[in-house]
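The values are calculated or read from the model by the stated rules, or taken from the named source; none is laboratory data. All values reported here derive from a predicted model rather than from experimental measurement. In this analysis, Cβ positions are derived from the backbone assuming ideal geometry, glycine residues included, and neighbour counts consider all displayed protein chains. When the accessible area is computed, the model is the full protein with side chains, heavy atoms only, and any ligands, DNA or RNA have been set aside. Shrake-Rupley method; radii C 1.70, N 1.55, O 1.52, S 1.80 Å.
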Amino acid sequence: MGKTALVTGSSRGIGAAAVRRLAADGWNVAIHYNRSEDQALALAKALGAPAYRADVRDPGQVDALFRAAGPVDLLVCNAGIAQYGLLTDTDEAAWRDVLAVNTDGAYRCCRAAIPHMVRQKAGNIILMSSVWGVYGASCEAAYSASKAALVGLTKALAKELGPSGIRVNCVAPGVIDTDMLAQFDRADRQALAEQTPLGRIGRPEDVAELIAFLASDSAGFITGQVIGCDGGFGL
Ligand code: NAP
């Protein structure tokens, strides 16, 4: 029986590309979604994979997700939301929402997935940060803080779980062409491409390739790392 990979937020964007890529590598993938049921179920049908709904802001729903999905060998904490605005315009509710999805959601999923991995003395966790989690972004303080927290979580868990044979790494994408860029118009996107040394915006498949590598035995001695996939944007 093959190994199971659960990618949170795999109804769309980077997560959907990741489950397609992991399925091609032979993983039994489990799709997770919150609102985008039609897209998740279409992808599940195409891949012959199960799909589970859970709002990662809700601890009870995360626990139910892991009960339904069963033990996972690879967890990719990818579900995330963006939030734009000056910090002084970011109210408590907006701040909490970003942290609740991006940071608390990852914490809850890791906490649910780890016991099985420890029992197996094997496992793999990939946390989805961002260039902004590493370098910070003006007018995205909540998002940057939520993603910086995942860098700390990655390093701490890599130390905590290394003795149990579990690798934990962090992916820090640059500007990737998904619904998350919806607020940017053509001129903004052109400017972002020009700010990227490789001269283009990234594709979800670019990040999926990195996830597939980190999930593979080829990355067997890599843990606790924050690896950019940004066309040089963070330089
Ligand atoms: P996206 O296309 O907007 O997809 C976001 C995914 O997160 C969706 O599958 C969505 O599920 C899920 N999600 C959002 N809120 C959720 C919640 N409360 N509970 C459960 N799932 C939830 O975004 P993306 O660009 O693929 O982003 C994926 C990850 O990469 C995020 O963590 C993002 O911060 C990170 N990232 C993106 C970029 C970029 O430029 N695109 C750059 C750096 C990092 P539903 O649609 O089903 O609700």
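Yes/no per residue for (1) touching a Gly at 6+ places or on another chain (Cβ under 8 Å); (2) closer than 16 Å to Cys77 by Cβ:
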{"residue": "Ala106", "(1), (2)": "no, yes"}
{"residue": "Ala113", "(1), (2)": "yes, yes"}
{"residue": "Met117", "(1), (2)": "yes, yes"}
{"residue": "Ser129", "(1), (2)": "no, yes"}
{"residue": "Tyr135", "(1), (2)": "yes, no"}
{"residue": "Ser138", "(1), (2)": "no, no"}
{"residue": "Ala142", "(1), (2)": "no, no"}
{"residue": "Ala148", "(1), (2)": "yes, yes"}
{"residue": "Leu153", "(1), (2)": "no, yes"}
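If you filter the stretch 144-199 down to residues that are among the aliphatic types (A, V, I, L, M) and assigned to a loop (DSSP other than H, G, I, E, B), you find that the one that is most open to solvent (accessible area, probe 1.4 Å) is Leu198.
Within the stretch 84-101, residues that are in contact (Cβ under 8 Å) with a residue 12 or more places away in the chain sit with their Cβ atoms under 6 Å from residues that are of a type in the set (Phe, Trp, Tyr), at 6+ positions apart or across chains, in these pairs: Val98/Tyr143.
Taking the criterion of being more than 9 Å from the ligand (Cβ to nearest atom) and open to solvent by 10 Å² or more (accessible area, probe 1.4 Å), the residues of the stretch 125-139 that qualify are Val134, Tyr135, Gly136, Ala137, Ser138, Cys139. In the stretch 13-42, of all residues being near the ligand (Cβ under 10 Å from one of its atoms) and over 15 Å from the mean Cα position of the chain (by Cα), the one that is least open to solvent (accessible area, probe 1.4 Å) corresponds to Ala40. Between Gly48, Gly2, the distinction of being open to solvent by 60 Å² or more (accessible area, probe 1.4 Å) and either on the phi > 0 side of the Ramachandran plot or at pLDDT below 95 (or both) belongs to Gly48 only.
Which members of the stretch 78-99 meet the condition of being open to solvent by less than 50 Å² (accessible area, probe 1.4 Å) and not in a helix (DSSP H, G or I)? I'd like the intermediate steps shown before the answer.
Of all residues in the stretch 78-99, those open to solvent by less than 50 Å² (accessible area, probe 1.4 Å) come to 78-80, 82-83, 85, 90, 94, 98-99.
Listed by number, the residues that qualify are Asn78, Ala79, Gly80, Ala82, Gln83, Gly85, Thr90.
State whether one or more residues within the stretch 113-136 are assigned to a loop (DSSP other than H, G, I, E, B) and among the hydroxyl-bearing types (Ser, Thr, Tyr). Yes. Here Arg108 passes the criteria (1) without any contact (Cβ under 8 Å) to a residue 60 or more places away in the chain; (2) open to solvent by 20 Å² or more (accessible area, probe 1.4 Å); (3) in contact with a helix residue (DSSP H, G or I) (Cβ under 8 Å, 6 or more places away or on another chain); (4) outside any helix (DSSP H, G or I) except the one numbered (4).
For the stretch 54-77, the tally of residues that are under 16 Å from the mean Cα position of the chain (by Cα) and open to solvent by 20 Å² or more (accessible area, probe 1.4 Å) stands at 3.
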